[in-house]
Amino acid sequence: MRLSVVIPIFNERSTVRELLRRVCAVPMAKEIILVDDGSSDGTRDALAALGLVRSGDEVDVPANDGSVNHVRLIVHERNSGKGAAIRSGFAAATGEIFLIQDADLEYDPTDYPKLLQPILDGKADVVFGSRFTGSPRRVLFYWHAVGNKLLTGLSNMFTNLNLTDMETCYKVFRAEMIRGLPLRSNRFGIEPELTAKMARMKARIYEVPISYAGRSYTEGKKIGWKDGLSAVWVIVKYAFVDDLENTNSGYTTLNRMELLRRYNAWLWTKVKPFLGRHVLEVGAGTGNMTRHLAGLAPEVVATEIEPHYLRILDRLFGDDPHVRVLRLDLAQALPTELGGPFDTVICLNVLEHVEDDTAALRRLRDVLQPGGTLVLIVPAMSKLFGEIDRSIGHFRRYDSKDLRCKLQDAGLTVSHWEWFNTIGVFGWFLNSRLLRRKSVPGFQARLNDLLVPLLRFEGRLQPRWGMSLLVAVQRSDTLRQVG
């Protein structure tokens with residue numbers, strides 16, 4: 001896997017050439033992207049001596065093992081900050097692994113092999129180099145160490161990670177984690193922003209110990225107390241602001257649903273009685289239900305159509321021998337690698353996203369073994385169809401007669417039929433039909449957790465209407481001709 005080393009530079013005339021020599025000396029082929037962020041101390045002259053004069057200039061430098069380092073220069077005419085320089089470097093990088101390297105001599109490039117190893121072993125998506133886990137380090141400022149621990153602790157509180165060094169320069173990423181990632185911070189806030197977004201993407205994060213030779217302010221250190229306050233703001237901001245896919249209402253909805261632990265646990269109790277040993281989950285999303293399935297069924301095939309969700313599922317279940325993750329589009333013929341037949345197919349809040357839902361039901365029938373069960377949850381009551389449905393990709397909501405007809409046409413026989421969430425009808429009508437919102441507000445979504453006791457009570461009453469339908473069906477021996 002080719003390594004892209006991104007080096008933001010600002011007024012590092014005395015160190016940049018030695019740093020570049022050390023990076024090039026590491027025995028592996030690399031792409032090295034130098035981003036001069038408006039230096040005014042003669043750094044540009046030091047780079048020109050290497051043959052890098054204008055933005056876009058490139059030179060090849062041999063490494064100690066005979067491999068070639070491809071060095072490229074990007075120039076910012078005005079100083080924009082470390083975050084802005086990193087964004088430019090990431091945008092230009094072409095490797096499969098991205099690594100951030102400061103242009104001073106505080107961090108030692110000989111640590112590259114151990115930083116890369118967890119990714120090369122397939123264990124990690126992101127690796128942080130920790131200055132506080134046992135390797136040699138220069139002893140410097142006590143209050144800097146205190147500030148770092150406070151910022152790391154605050155970041156951990158909001159991201160639910162247990163990092164020892166969030167502010168480290170050495171952050172290494174699989175390239176797919178970065179490409180297309182919106183990064184906003186221009187200065188040192190880039191460190192907590194990257195951390196928060198990797199946590200939100202459910203990246204597999206490792207830490208490895210690194211050596212550290214910190215420098216004093218007389219030696220050129222630039223970070224100060226204002227940057228610490230800025231980092232606090234960024235940590236708090238990205239604890240509540242999710243801009244990873246802020247135009248995707250479906251993604252927003254799934255993220256909100258993931259936080260509803262009591263509601264998800266209640267939903268699991270509704271699905272669990274129908275489960276067998278070989279389960280196909282259609283539309284696994286970010287794995288809310290897959291987590292339960294993986295702990296019960298010996299074989300689970302979790303499928304998705306969206307690449308972003310597939311990456312999340314891979315990261316969550318890639319090491320689980322009982323779970324396979326595959327791409328599946330219900331609008332097309334099912335892939336041969338799907339396997340089967342299955343004794344259980346779980347399809348929760350997916351069917352409404354497929355234009356030809358009867359054809360999709362037939363495909364699911366075909367992968368069921370005789371006596372197997374297809375468990376469906378679908379949005380109910382067509383009169384509720386509104387802006388939220390459109391924004392998250394619903395083609396329809398289902399009325400009882402319409403759904404029963406489609407199930408029969410697909411060769412499926414109903415064994416269980418249950419309406420639920422009558423109280424949610426009013427909130428959905430308000431938000432989707434009257435206020436024309438594109439998603440349910442977060443605080444209203446969280447009410448579902450508080451209303452779980454009411455949902456349990458509602459189940460005893462067996463209502464004849466509700467916002468959703470839970471249906472279990474079995475494969476029939478014959479298919480009814482449609483039309």
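The values are calculated or read from the model by the stated rules, or taken from the named source; none is laboratory data. Given the structure is predicted, the values throughout are model-derived calculations rather than measurements. A quick note on method: Cβ atoms are made from the backbone with ideal geometry, for glycine too, and the neighbour counts reach across all protein chains shown. To get the accessible areas, we keep the full protein, side chains included, count just its heavy atoms, and leave off ligands, DNA and RNA. Shrake-Rupley method; radii C 1.70, N 1.55, O 1.52, S 1.80 Å.
One residue stands out in region 422-448 among those that are open to solvent by 60 Å² or more (accessible area, probe 1.4 Å) and under 23 Å from residue 285 (Cα atoms): the one that is modelled with the lowest pLDDT, namely 443.
Taking region 262-371 as the region of interest, the strands (runs of 3 or more DSSP E) fully inside it that hold 2 or more residues being of a type in the set (Lys, Arg) and touching a residue at least 24 places away in the same chain (Cβ under 8 Å) are 323-327.
In the set (1) open to solvent by 80 Å² or more (accessible area, probe 1.4 Å); (2) closer than 16 Å to residue 266 by Cα; (3) modelled with pLDDT of 90 or more, the condition left unmet by residue 419 is number (1). Hey, does region 356-363 have a residue that's within 22 Å of residue 473 (Cβ to Cβ) and in contact with a His (Cβ under 6 Å, 6 or more places away or on another chain)? For region 356-363, residues within 22 Å of residue 473 (Cβ to Cβ) and in contact with a His (Cβ under 6 Å, 6 or more places away or on another chain): absent. Taking only region 195-232 into account, find how many residues are surrounded by fewer than 17 Cβ atoms within 10 Å (Cβ to Cβ), of a type in the set (Val, Ile, Thr) and at pLDDT 85 or above. Matching residues across region 195-232 total 1.
Here residue 235 clears all of (1) modelled with pLDDT under 85; (2) open to solvent by less than 40 Å² (accessible area, probe 1.4 Å); (3) in a helix (DSSP H, G or I); (4) closer than 18 Å to residue 198 by Cβ except the condition numbered (1).
Only one entry of 115, 99, 140 meets the criterion of being among the aliphatic types (A, V, I, L, M) and at pLDDT below 95, and that entry is 140.
Under the condition of being in contact with a strand residue (DSSP E or B) (Cβ under 7 Å, 6 or more places away or on another chain) and not aliphatic (A, V, I, L, M), the residues counted in region 32-53 number 7.
Note on region 18-101: enclosed strands (runs of 3 or more DSSP E) holding 2 or more residues that are in contact (Cβ under 8 Å) with a residue 40 or more places away in the chain are 30-37, 68-76, 97-100.
When you check residue 386 against the structure, is it in contact (Cβ under 8 Å) with a residue 40 or more places away in the chain, among the small types (Gly, Ala, Ser) and open to solvent by less than 30 Å² (accessible area, probe 1.4 Å), yes or no? Show your work before the answer.
On the way: in contact (Cβ under 8 Å) with a residue 40 or more places away in the chain: yes; among the small types (Gly, Ala, Ser): yes; open to solvent by less than 30 Å² (accessible area, probe 1.4 Å): yes.
Criteria met by residue 386.
Selection of first residues in region 189-208 that are in contact (Cβ under 8 Å) with a residue 24 or more places away in the chain and closer than 11 Å to residue 173 by Cα and of second residues that are in a strand (DSSP E or B) and open to solvent by less than 30 Å² (accessible area, probe 1.4 Å), restricted to Cβ pairs under 6 Å at least 6 apart or on distinct chains, gives the following pairs, ordered by first then second residue: 198/126; 203/126; 205/126; 206/127.
Taking region 367-378 as the range and being modelled with pLDDT of 95 or more and not aliphatic (A, V, I, L, M) as the test, only 373 passes. A residue that is in a helix (DSSP H, G or I), surrounded by fewer than 15 Cβ atoms within 10 Å (Cβ to Cβ) and not basic (Lys, Arg) cannot be found anywhere in region 407-416. Selection of region 149-175 for residues being closer than 17 Å to residue 118 by Cβ and in a helix (DSSP H, G or I) yields only 175. Condition test on residue 86, is it hydrophobic (A, V, I, L, M, F, W, C), open to solvent by less than 20 Å² (accessible area, probe 1.4 Å) and either out of contact with any helix residue (DSSP H, G or I) (no Cβ under 7 Å at 6 or more places or on another chain) or within 22 Å of residue 125 (Cβ to Cβ) (or both)? The answer is yes for residue 86. For region 258-279, does any single residue satisfy the condition of being closer than 26 Å to residue 177 by Cβ, buried (at least 19 other Cβ atoms within 10 Å of the Cβ) and at pLDDT 95 or above? For region 258-279, residues closer than 26 Å to residue 177 by Cβ, buried (at least 19 other Cβ atoms within 10 Å of the Cβ) and at pLDDT 95 or above: absent.
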